[in-house]
Every structure is written in C-alpha cells, then in structure tokens.
Ligand SMILES: O=CC(=O)O
C-alpha cells in the first residue's frame, strides 16, 4: 500500500507514525511551513486523513483534497471532523471507540475522588511542610455520593459501573431513556443537577450539546456540588464555570478538557477545589497503541475494500 498517500494532521503517537510509515506514503501536515506550501505539494495525492482531537478534517481541508476517500480518526470524539461534508462527498469516517473507554472512565473516577477528598490539595499541603503545623481539615465522604451522568454511552456507562462499586446511587440525563439500565433517568439536565452531588459530563460534543452545562445547570448543582468533565471543554460554558467557582456558587470541579485547549483560564490556577488535567483521559501506552492499531486496521480494510471495523460514516 506504499503508493497510497496518507496525511497525519498533527503529531500523535510515535507508534502510530511508525506503523503508518511502514505501510503508506506518509505526509505530515506540521512539517510544512504554510498551508499553501502543503496544498501545492499534496492536494492531488492524499487519499486518507488521520486526524485527532487537535486537528481533524474541517470543510476547508476536505474540499482541498479531491482524492480524499477516508478520515480515520485517532480519537473517539468526532467534533473536529465535518461529518456532514464527509457524508455529502461520500468520504468514509472511522473513530476509535471501546478501546479507550476504561481509561477515560478511570480518569473520571480519579477526578471525582481527587476533588471530593482534596487529593491534590493534600499533596500540596504535605509538600509545603504544613503538616507539622496542624492536621489537614476534614473533607467529604465520596462513597455513597449521588452521581449524575450526562450521556450514558460507552464511557458514561463505564463511569456508572465504577461509581456503583463505590456505593454511589446513579442517575443520568440523555436524549432518551435507556431501557437496559435501572439507573434513574431525568429527561431534563437541570433536574439531574438538582438531584445529584457530582455531575459528570460524558457526552459527545455536537451542535445540540454545545454549552449543555450552562449557568442554570451549574446553579442547580450548587455550592456543595462537584462538576467533572472528561468529554469536551465546550460542553460547559467555561466563563460561567469560572465565575461560579470564584463566587463559591459551585463546590468544586475536576476537568480533563477545556474550551480553548491547551489554554486554561488562569483564574482556575489559584483555586484549591479544582483539579486540572491536560486532556489525557485515554493517554496510556496500552490504549494509545490499541487506538493506533484500530486506525491502521480501518485504513487497511478501506483500501482492501473490506468492511470497516468502526465506521461512523
Ligand atoms: O478525547 C479523546 C478522544 O476523543 O478520543
């Protein structure tokens, strides 16, 4: 397949890069000095794009590559891909579901525990030599806290399963009720926020879910409530989140994702009740290798005219 040109949009894993280079003619977008230079050399040769959560395939890129056949995303989230455009042009799209579910759900649990039991604040307390001067203050019990989940898909369900093991009653909000679970369903996200102590945002970012957690939802969660986001930054109205935390209208937050990554609102840096992670939910050696294998298998299947493993479009 080394005559097939594949575009990688930004640096991902070394393993993925090596695997792509071994099989295809690999073009790396970030090695070009300008878009003009890139398009001049590659417009008519690229047949596949491998994108990720930073750079996917927007309308401009898709329209500039007349030979494009497939976008194989090194991510489960599809918000950086113009799916409508791909559909219109008959371009196939794949992603990497399932293989990263455990890691992202693990991170959600870590954030919940870290915020509720003040793990990072305790760490800073010990490192700063404050312990000999007095004990750390009491925190709140995590086991048994009411957990509300926004989006009960693969990742949301894996979070629910883990939280259940901590004795947490689970409720959820999603577009429709899931008959296969016994978790309490709320058809309105505000009702969910009123009725839980920890709200975990685990849905996909789409036009409908953009800023699904707004001021009203944050206020419904309240000054004792904890907000966790392992989905996408833009699921939450970030300026509203920051002002709620600064004003004490929200109890705490655990965030792996941000609206303008890698930029994080600096007002959050001074808040002890906030735990920040640099969008690393699925970033383990094991899972990134499994994601890379899935990207490669989808590309191979496509060019061998076999069924795609994880088709989206
Ligand atoms: O955020 C991670 C992903 O979408 O895979």
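The values are calculated or read from the model by the stated rules, or taken from the named source; none is laboratory data. None of these values were measured; they are calculated from a predicted model. Counting neighbours? That spans all protein chains shown, and the Cβs are built from the backbone with ideal geometry, glycine included.
Per-structure values
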{"quantity": "Qualifying residue in segment 211-219 (condition: more than 21 Å from residue 188 (Cα to Cα), more than 14 Å from the ligand (Cβ to nearest atom) and in a strand (DSSP E or B))", "calculated": "no"}
{"quantity": "Scope segment 26-57; condition within 16 Å of the ligand (Cβ to nearest atom), part of a loop (DSSP other than H, G, I, E, B) and in contact with a strand residue (DSSP E or B) (Cβ under 8 Å, 6 or more places away or on another chain); matching residues", "calculated": "51, 56"}
{"quantity": "Test: residue in segment 83-94 that is without any contact (Cβ under 8 Å) to a residue 12 or more places away in the chain and part of a helix (DSSP H, G or I)", "calculated": "yes"}
{"quantity": "Condition broken by residue 292, with the remaining ones in (1) crowded, with 17+ Cβ neighbours inside 10 Å; (2) closer than 22 Å to residue 203 by Cβ satisfied", "calculated": "(2)"}
{"quantity": "Index of the failed condition, residue 245 passing every other in (1) touching a strand residue (DSSP E or B) at 6+ places or on another chain (Cβ under 7 Å); (2) under 25 Å from residue 138 (Cα atoms); (3) assigned to a loop (DSSP other than H, G, I, E, B)", "calculated": "(3)"}
{"quantity": "Criterion (modelled with pLDDT of 95 or more, loosely packed, with under 15 Cβ neighbours inside 10 Å and within 16 Å of the ligand (Cβ to nearest atom)) met by exactly one of 298, 260", "calculated": "260"}
{"quantity": "Unique residue being more than 28 Å from residue 268 (Cα to Cα) and touching a residue at least 12 places away in the same chain (Cβ under 8 Å) when the list is 234, 174", "calculated": "174"}
{"quantity": "Failed item in (1) assigned to a helix (DSSP H, G or I); (2) away from the ligand (no atom under 11 Å from the Cβ), with residue 104 passing the rest", "calculated": "(2)"}
{"quantity": "Residue within segment 135-158 that is away from the ligand (no atom under 16 Å from the Cβ), part of a helix (DSSP H, G or I) and either within 30 Å of residue 204 (Cα to Cα) or modelled with pLDDT under 95 (or both) present", "calculated": "yes"}
{"quantity": "Extreme residue, nearest to the ligand (Cβ to nearest atom), among residues of segment 58-69 that are surrounded by fewer than 23 Cβ atoms within 10 Å (Cβ to Cβ) and closer than 22 Å to residue 294 by Cβ", "calculated": "62"}
{"quantity": "Sole exception among (1) touching a residue at least 24 places away in the same chain (Cβ under 8 Å); (2) over 21 Å from residue 279 (Cα atoms); (3) in contact with a strand residue (DSSP E or B) (Cβ under 7 Å, 6 or more places away or on another chain) for residue 23, by number", "calculated": "(3)"}
{"quantity": "Of the criteria (1) in a helix (DSSP H, G or I); (2) away from the ligand (no atom under 16 Å from the Cβ); (3) over 20 Å from residue 12 (Cβ atoms), which one residue 129 fails", "calculated": "(1)"}
{"quantity": "Checking residue 278 against (1) over 20 Å from residue 124 (Cβ atoms); (2) within 16 Å of the chain's Cα centre (by Cα); (3) surrounded by fewer than 17 Cβ atoms within 10 Å (Cβ to Cβ), the condition it does not meet", "calculated": "(1)"}
{"quantity": "Odd one out for residue 124 among (1) in a helix (DSSP H, G or I); (2) within 16 Å of the ligand (Cβ to nearest atom); (3) out of contact with any helix residue (DSSP H, G or I) (no Cβ under 7 Å at 6 or more places or on another chain)", "calculated": "(2)"}
{"quantity": "The listed residue being more than 12 Å from the ligand (Cβ to nearest atom), farther than 23 Å from residue 189 by Cβ, touching a helix residue (DSSP H, G or I) at 6+ places or on another chain (Cβ under 9 Å) and at pLDDT 95 or above, out of 289, 283", "calculated": "289"}
{"quantity": "Within segment 85-112, considering residues that are out of contact with any helix residue (DSSP H, G or I) (no Cβ under 9 Å at 6 or more places or on another chain) and within 23 Å of residue 301 (Cα to Cα), the one surrounded by the fewest Cβ atoms within 10 Å (Cβ to Cβ)", "calculated": "90"}
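This table checks each residue for (1) more than 18 Å from residue 104 (Cβ to Cβ); (2) in a helix (DSSP H, G or I).
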residue: 272; (1), (2): yes, no
residue: 278; (1), (2): no, no
residue: 282; (1), (2): no, no
residue: 288; (1), (2): no, yes
residue: 307; (1), (2): yes, no
